[in-house]
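Inspection log for the structure reproduced underneath, given as structure tokens.
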Amino acid sequence: MESELTEVVELRRMESELTEVVELRRMESELTEVVELRRMESELTEVVESLPSDAVNHLFSLGLCVRCVFRVLGVQATAVYASPSLWPSIFPLQQPTDKLCTLCLGILQFTFRDDQTNTKTDDIPLLISDFVKRQGYHCDSFSLQVSIPQIIHHSDNSLRSHMKTKYGSQPWFQHTCISAKDAFKFSILHPLENLLECKSSMDSLRICLTYSASKEPDKCSDNVDTCKRRKTDESNLVGQKPLSSSLENGTSDCCKFLLEMANEPCHFTYLCYRAPLYFGGRYLKYSRNVSQSRWIIDDERMGEASVEEIIGGNILPVCQADSFKFHAAGREDIDVRMLGPGRPFLVEVQNARQVPSELFVKDIEKKINSMENNLVRVKNLKLVGSHGWDLMREGEAEKQKQYAALVWISRPLKDEDFQHVSSLKDLKVLQRTPIRVLHRRSPLEREKIIHWMKMETIAGSSQYFLLHLCTQAGTYIKEFVHGDLGRTHPSIGSMFGCRAEILQLDVTDIKMECFLT
């Protein structure tokens, strides 16, 4: 009884301490937010007071939003773009307005058009973070990619030229104009990092935000290429006369065009995807009825399974990905076993929601290797990154392969047959495209090298033997044995002066360095 009472008291004490810790962390978080807001407000006040009032009022008269005023005037303090208090009323003599910005078309006001209606949100970071979480992405870091209409860039240049006629001699004009894309990133990146609880970097998880103009009148869109070709600042969009002559007493043609365009915000779409993950390793195939890739002919499956499906089918659900692609360093026929250290392969996983840990990858390998049918085994499975392609290609064209073939010949074996075969080194063989693959391969003649061969007798048989050989990659072994009606020369049949047939074939080694450990 006393022991139970002590346990209850201890549990309540621990609960009380836990509650205190949680409350303390909540208060610390709130205090940090307050401090951060005050710092941003202080920095915002300093920025507002430092800007030239005549230029500010001029830009507001052209219908620009606060963030566009900041970026056109070259404000470098990135934190102010994320301030929640960016209304024109932070400037003297300016009133709050809901009008669409004539320069960014509402992008920096967080106003956009979706498939149905015009939408305004004060929290695009929350919109995006909720979307990422709903999609189920595991997020250690992310890369933010933003696309905005090209016309906004050209409008920036035109407006800058317009401002130069009046303010070009003032010191602030020497500051570089911030692009709308960069200003947008300044506005949402830090809040998005807080919501996703990770930092932005060049990560494989990519958040893509795309803005497209609802309309681009022919006048301006036709002149985009002309703008690109102009070498001078002082030209209009048409490139026919200096801007200074048309801007002295009013806004430019492009400014008027922007006022017309600003009736509708940009169309906004967003998506999230992860760059491909690459799993590398080596596979062994023990069955003579398993193809490397899924093989369907006239809606009928060939073989009982495929290496591709067995390996990729176990990786895909763990990654919660859309799909996968299987790549291997060459291929063996469905009736050929892959033995020895195995064949190097890559599984390219598309748009994975989860990135498995090293421990999970080992679990995948164990699961494949413990399958009851024991058709395929995997060795050294690991996440290798995109450089796995380089490992696969390195030396692939020059790689050597070793085989063991069960061969029958139409006459009894002689001692000189063994001596003759073993004496051949780097034998050059001419092979025309085999008859069995002519329907899918070009009719070419290729020279291949048989590096070495040796024969092994089979007890109790004078016409059967095991042929061990090492060849250049791309050699057709079956045709080298039977000659393919003379299309491969020399062949085992031609060397022995009799009929030769290959009954079974195994790949015993692939001389490549990748994924050996």
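The values are calculated or read from the model by the stated rules, or taken from the named source; none is laboratory data. Note that this is a predicted model, so its numbers are computed, not measured. Every residue, glycine as well, gets a Cβ built from its backbone with ideal geometry; the counts of neighbours run over all protein chains shown. These area figures cover heavy atoms from the full protein model, side chains too; ligands, DNA and RNA do not enter into them. Shrake-Rupley method; radii C 1.70, N 1.55, O 1.52, S 1.80 Å.
Criterion first (open to solvent by 50 Å² or more (accessible area, probe 1.4 Å), more than 26 Å from GLU394 (Cα to Cα) and touching a residue at least 12 places away in the same chain (Cβ under 8 Å)) does HIS420 satisfy it?
yes
Hey, SER442 hits all of (1) crowded, with 17+ Cβ neighbours inside 10 Å; (2) under 37 Å from the mean Cα position of the chain (by Cα) but one; which does it fall short on?
It is condition (1) that SER442 fails.
Could you list, in sequence order, the residues of segment 168-213 that are surrounded by fewer than 16 Cβ atoms within 10 Å (Cβ to Cβ), outside any strand (DSSP E or B) and touching a His at 6+ places or on another chain (Cβ under 9 Å)?
SER179 - this is the single residue of segment 168-213 that is surrounded by fewer than 16 Cβ atoms within 10 Å (Cβ to Cβ), outside any strand (DSSP E or B) and touching a His at 6+ places or on another chain (Cβ under 9 Å).
Here's a check for you: in segment 313-359, which residue that is of a type in the set (Lys, Arg) and part of a strand (DSSP E or B) is nearest to the chain's Cα centre (by Cα)?
Taking the candidates together, the pick is LYS325.
If I ask for residues that are buried (at least 20 other Cβ atoms within 10 Å of the Cβ) and either within 18 Å of HIS420 (Cα to Cα) or among the aromatic types (Phe, Trp, Tyr) (or both), which ones from segment 466-499 would you list?
Once the filter is applied, which keeps residues that are buried (at least 20 other Cβ atoms within 10 Å of the Cβ) and either within 18 Å of HIS420 (Cα to Cα) or among the aromatic types (Phe, Trp, Tyr) (or both), segment 466-499 yields LEU467, LEU469, THR471, TYR476, PHE480, VAL481, ILE492, GLY493.
How many of the residues making up segment 360-372 are over 24 Å from the mean Cα position of the chain (by Cα), open to solvent by 30 Å² or more (accessible area, probe 1.4 Å) and among the hydrophobic types (A, V, I, L, M, F, W, C)?
Matching residues across segment 360-372 total 1.
Checking the conditions here, which among ARG393, ARG377 is at negative phi, in contact with a Leu (Cβ under 9 Å, 6 or more places away or on another chain) and open to solvent by 60 Å² or more (accessible area, probe 1.4 Å)?
ARG377
Quick grid of which residues meet (1) among the basic types (Lys, Arg); (2) without any contact (Cβ under 8 Å) to a residue 24 or more places away in the chain:
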| position | (1), (2) |
| --- | --- |
| LYS366 | yes, yes |
| LYS382 | yes, no |
| SER410 | no, no |
| ASP415 | no, yes |
| HIS439 | no, yes |
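Which of the following residues is among the acidic types (Asp, Glu), surrounded by 14 or more Cβ atoms within 10 Å (Cβ to Cβ) and in contact (Cβ under 8 Å) with a residue 60 or more places away in the chain: GLU332, GLU304, GLU309?
GLU332
Just one of the numbered conditions (1) open to solvent by 60 Å² or more (accessible area, probe 1.4 Å); (2) farther than 22 Å from MET202 by Cβ is not true of SER386; which one?
Checking SER386 against (1) open to solvent by 60 Å² or more (accessible area, probe 1.4 Å); (2) farther than 22 Å from MET202 by Cβ, the one that fails is (2).
So that you can scan it fast, the table gives a plain yes or no per residue for (1) within 30 Å of PHE496 (Cα to Cα); (2) not hydrophobic (A, V, I, L, M, F, W, C):
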| residue | (1), (2) |
| --- | --- |
| PHE324 | no, no |
| SER370 | no, yes |
| ASP415 | yes, yes |
| VAL429 | yes, no |
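Does ALA180 satisfy being in contact with a helix residue (DSSP H, G or I) (Cβ under 7 Å, 6 or more places away or on another chain) and at pLDDT below 90?
no
Could you go through segment 452-465 and let me know if any residue there is touching a His at 6+ places or on another chain (Cβ under 6 Å) and open to solvent by 40 Å² or more (accessible area, probe 1.4 Å).
yes
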